[in-house]
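Here's the structure, in structure tokens; my notes come after.
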Amino acid sequence: MVLIDGKATANQIKNEIAEEVKAIQSKGERAPHLAAVLVGNDGASLTYVGSKVRSCEKVGFDSSLIRLPEETTEAELLTKIKELNQDDTLDGYIVQLPLPKHIDEEKVLLAIDPKKDVDGFHPSNFGRMALELETFIPATPFGIMQLIERYDIDTQGKHVVVIGRSHIVGRPISILMSQKGAYGNATVTVAHSRTKDLKSLTQQADIIVSALGVPGFVTADMVKKGVVIIDVGITRVEDASKEKGYYITGDVDFDSVAQKASFITPVPGGVGPMTIAMLLKNTLLARKWNA
Ligand code: NAD
């Protein structure tokens with residue numbers, strides 16, 4: 001069994017990005033610049049945005065954190081987005097989700113200039129991805145594809161079962177793995193909350209991508225020997241015995257499933273660290289494409 005080390009792979013990608021930043025600067029050009037917009041004081045969002053900003057600094061990017069109060073109106077946020085779209089010193093930006101309830105997320109995401117949409121959530125970028133055109137691929141599925149490529153996992157003609165159909169993970173990864181290409185060409189089944197007899201599907205799967213957010217959902221009796229397991233789930237489970245008062249776990253019953261798997265991602269340390277690395281990669285691409 002090969003344990004897929006997402007932390008090491010993400011660090012390797014960050015080092016590669018840092019080298020490219022040095023090369024850009026050695027030509028007298030400015031470093032890539034990523035901004036993050038955070039509305040309100042949601043604790044988890046603050047943590048995520050904080051680590052995105054710190055990662056920018058590590059690879060030599062410029063970064064801006066734009067914090068707006070919880071009471072910001074939709075119109076005020078849209079005005080800010082317009083400013084960011086027009087700011088030539090900015091290559092890409094993200095609007096951290098979720099937004100406060102009084103703001104229409106879809107309206108905001110649609111207002112982002114697709115050329116600066118390094119999250120890859122804008123419909124025009126999502127459409128370009130589906131049509132196999134050059135674009136920003138959403139960071140988590142982009143990270144999964146990088147793990148598959150860098151661990152040289154054979155996907156040709158394999159049966160992939162994706163559990164979950166969210167717009168940020170399940171749906172895009174199902175599109176990417178079924179596309180033509182060296183790490184695509186898979187036959188993909190997308191399972192979701194209305195799927196019947198999931199076990200009979202997962203038992204046939206060569207590769208399982210689990211993105212539903214239910215700890216211990218995928219058990220050893222659901223998988224065949226030699227399966228490749230990509231566990232995207234991240235759930236905080238309260239546990240008073242831990243220093244932080246909780247621990248993080250994935251969707252897969254790791255100890256039992258790992259005994260049957262050929263490759264498996266741990267949680268934490270698997271897909272999670274890749275997400276920020278791929279956001280940085282998208283910002284570097286934005287710098288190149290928009291130059
Ligand atoms: P979501 O929470 O929006 O939706 C869950 C999906 O699971 C839905 O599509 C639903 O149809 C499906 N589902 C629910 N019950 C099911 C069942 N019994 N059988 C089959 N499918 C079922 O999905 P999301 O936003 O992709 O998040 C999924 C998990 O991935 C969460 O734990 C989230 O924290 C994690 N996540 C991790 C990263 C990362 O960087 N590693 C990024 C995004 C999300």
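The values are calculated or read from the model by the stated rules, or taken from the named source; none is laboratory data. Since this is a predicted model, take the numbers as computed values, not measurements. Neighbour counts are summed over all protein chains in view; Cβ atoms, including those assigned to glycine, are modelled from backbone coordinates with ideal geometry. When the accessible area is computed, the model is the full protein with side chains, heavy atoms only, and any ligands, DNA or RNA have been set aside. Shrake-Rupley method; radii C 1.70, N 1.55, O 1.52, S 1.80 Å.
What to note about this one:
- Between E19 and K158, the FRET efficiency estimated from the beta carbon spacing at R0 = 35 angstrom works out to 0.60.
- Applying 0.36 nm per residue to the separation of T89 and S166 and subtracting their alpha-carbon distance, the gain on full extension is 24.5 nm.
- Förster-model FRET efficiency, 30 Å R0, Q204 and E132, C-beta, rounded to 0.05: 0.65
- Segment 70-133 and segment 197-248: distance between their alpha carbon centers, rounded to Å: 31 Å
- Additional length obtainable on full extension of the chain from Q259 to K101, 0.36 nm per residue less Cα span: 52.5 nm
- Here's the picture: charge each Lys and Arg Cβ at +1 and each Asp and Glu Cβ at -1 in segment 109-186, and of S178, S166, F142 the one pushed furthest to the positive end of that dipole is S166.
- Rg/Rh for segment 139-272 stands at 0.96; both radii use Cα atoms, and Rh follows the Kirkwood definition.
- Magnitude of the charge dipole for the chain, about its Cα centre and with charges confined to Cβ atoms of Lys, Arg (+1) and Asp, Glu (-1), is about 500 debye.
- Segment S124-N185, length gained on full extension (0.36 nm per residue, minus Cα span): 19.6 nm
- Counting only protein heavy atoms and a 1.4 Å probe, the chain has 48 square angstrom of accessible area per residue.
- Under the simplified labelling scheme, the L3-K225 pair shows an inter-label distance of 2.3 nm, with each label point 7 Å from Cα along Cα→Cβ.
- Gyration tensor (alpha-carbon) shape descriptor, segment 158-231, a/c threshold 1.5: oblate
- Cβ-Cβ distance of N290 and I66, R₀ of 25 Å, FRET efficiency by 1/(1 + (r/R0)^6): the value works out to about 0.80.
- With both labels modelled 7 Å from their Cα along Cα-to-Cβ, the R150 to Q12 distance reads 0.6 nm.
- In the chain, the longest principal axis of the Cα atoms and the axis of helix 74-86 are about 80 degrees apart.
- Whether segment 209-291 is rounded, prolate or oblate, judged on the alpha carbon gyration tensor where a/c under 1.5 counts as rounded: oblate
- Sparsely packed trypsin sites (Lys or Arg not before Pro) within segment 23-104, loop by DSSP, other Cβ within 10 Å at most 16: K27, R30, K101
- Paired Rg and Dmax values of the chain, which use every Cα atom, in angstrom: 19.4, 59
- The alpha carbon gyration tensor of segment 28-113 gives principal lengths a ≥ b ≥ c with a/c of 1.5 or higher and a/b no greater than b/c, which makes the shape oblate.
- Whole-percent carbon and sulfur share, accessible surface of the chain, 1.4 Å: 51 percent
- Counted over the chain, the DSSP beta bridges are approximately 10% antiparallel.
- Where H102, H33 fall by accessible area, highest first, once all protein chains stay in place (1.4 Å): H102, H33
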